[in-house]
Amino acid sequence: MFKFLKEIKEAFQEGVEEAKEELKEEQEKEKNRNIDVLNKLSEISQEERFGTSLAAPFRTTAFMDWFSLFKSSRELKEEDVIPVHLYKYGYLDELNESDIERLKNQQEGSFDIENEEDVLSITQSFLLGVGISLHSLENIKPKYQPEELICFKEGKLLPAWSLSAAASTLVSGVEFNGLPKEKSLKIFSELLPDVQKRYKNWDEFGDDYLREDGLINSEKKAIKQTDNTIYNLTFKFGSPWVQFPLETYQL
């Protein structure tokens with residue numbers, strides 16, 4: 001009887017050790033896959049990575065990356081996943097239909113955008129509203145006055161929210177509204193120094209965005225979702241804010 005129980009115990013222990021070894025091997029494979037992905041992402045131009053990083057609060061919401069409304073579970077959500085769409089844009093063939101539909105609805109519904117002219121004029125509205133004038137947009141007339149925009153609060157445009165909205169408008173403008181990608185990259189290249197003057201790092205930018213979004217949204221569910229979005233962008237391994245800190249971009 002005791003011999004039988006001992007054999008069962010030994011077999012169980014062997015099974016546990018095998019499971020641990022398989023888990024270790026899988027984790028190692030996942031680590032190597034992530035290294036390969038990051039190496040490829042590092043080859044993307046800094047203008048493109050900067051643009052998607054600035055647009056990330058909007059883009060992450062549309063894609064529902066690491067989505068969870070509960071703080072207790074958000075640390076566990078897909079910790080090692082790297083959402084490639086937060087690093088590059090203009091590759092709709094790599095996205096599924098539901099993601100494309102949410103992105104398109106965000107672009108058309110949130111900002112009333114139909115064409116390239118709308119993309120540039122609304123981007124100009126956001127940027128001029130926070131005191132940024134770019135050479136690449138000098139001939140573009142703003143579509144809205146600051147007080148007409150949803151992010152006009154406390155007698156001014158909220159800067160972090162407006163900058164992210166402008167970036168999201170440009171990125172999705174390439175994907176849906178016929179804006180040439182090179183034109184968007186030129187704008188992001190010009191915009192980078194202004195953003196770096198205002199914010200030391202993505203943490204600071206995220207804190208401001210979260211505070212400002214709270215002034216715009218009064219719905220508790222929306223506020224909680226934004227809180228989780230900024231948390232994930234600030235701390236998740238796969239976030240472009242973590243992998244490419246704002247202070248590392250070269251002017």
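Could you figure out which of (1) surrounded by fewer than 21 Cβ atoms within 10 Å (Cβ to Cβ); (2) in contact with a helix residue (DSSP H, G or I) (Cβ under 6 Å, 6 or more places away or on another chain) isn't true of residue 180? Going through the list (1) surrounded by fewer than 21 Cβ atoms within 10 Å (Cβ to Cβ); (2) in contact with a helix residue (DSSP H, G or I) (Cβ under 6 Å, 6 or more places away or on another chain), residue 180 breaks only (2).
Just to be sure before I move on: is residue 219 free of Cβ contacts under 8 Å to residues at least 12 places away in the same chain, among the acidic types (Asp, Glu) and closer than 20 Å to residue 91 by Cα in the structure I sent? No, not satisfied.
Conditions tested, residue by residue: (1) part of a helix (DSSP H, G or I); (2) within 28 Å of residue 225 (Cα to Cα); (3) at pLDDT 95 or above.
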site	(1), (2), (3)
109	yes, yes, no
133	no, no, yes
160	yes, yes, yes
163	yes, yes, yes
169	yes, yes, yes
175	yes, yes, yes
189	yes, no, yes
192	yes, yes, yes
205	yes, yes, yes
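Residues of segment 218-236 that are part of a loop (DSSP other than H, G, I, E, B) and closer than 13 Å to residue 58 by Cβ: none at all.
The values are calculated or read from the model by the stated rules, or taken from the named source; none is laboratory data. None of the values given here were measured: they were computed from a predicted structure. Note that we place each Cβ from the backbone using ideal geometry, even for glycine, and neighbour counts take in every protein chain shown.
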